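Reviewing the structure listed below.
Nothing in this text is a laboratory measurement; each read-out follows from the coordinates by a stated rule. Nothing here was measured: the structure is a model prediction, and the numbers come from that model.
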Amino acid sequence: MGNISLAGLTILLAEDSKNDVLLFQEAYPRAKLSNPLQVVRDGVEATEYLSGAGMYADRKQYPFPILLLLDWRMPRMDGIETLAWIRKEEGIKNLWVVMLTSETEGHRIEEAYAMGANSYFAKPGSREDWASLIARLHGYWLILPRPPESILKLAECTGTTTPSI
């Protein structure tokens, strides 16, 4: 198969820190991403978004993401719990998940990969570092690899029906 353009496909950010969301959103255009960005505040909202439940049922307004950027520490349901839920869900278990956290301890990184994270990045402190991180994420996750076909089909779906998972 030829090259696939992932430029118009949605990225989902699951982050509870208003400051980190603001820094991310400010850095996003500087990283020259054209992907739509959706934001949820915790793991419960992330699972609702991914399953198309409740307010996220309209897939035109809330398209299935091609990539999930998942904060480790969140209220109600943390990143590892959310990741475990994703990896058990048959229809979406192959979704690309990048863990973002301020935790840089080796055992935390090992745990994230053991649970099925595709990548792990420490959250940067400055706006410039956020832009650099986003550009690196874009370069690797949205240009180089080919996404799993099942996830690509969900992400490209523009209808209002919710994928069954």
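What the table shows:
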{"quantity": "Amide H contacts of residue 77 (H built 1.01 Å from N, under 5 Å, at least 5 apart or other chain)", "calculated": "43, 44"}
{"quantity": "Residues of type lysines that residue 88 reaches as a straight line, Cα spacing below 30 Å, ignoring anything fewer than 8 places off in the same chain", "calculated": "18, 60, 123, 153"}
{"quantity": "Residues whose placed amide H lies under 5 Å from that of residue 16, excluding near-sequence neighbours", "calculated": "none"}
{"quantity": "Residue-by-residue Karplus 3J(HN,Hα) for the range 64-76, coefficients 6.51, -1.76, 1.60, Hz, glycine and proline x", "calculated": "5, x, 8, 8, 10, 9, 10, 5, 6, 9, 9, x, 6"}
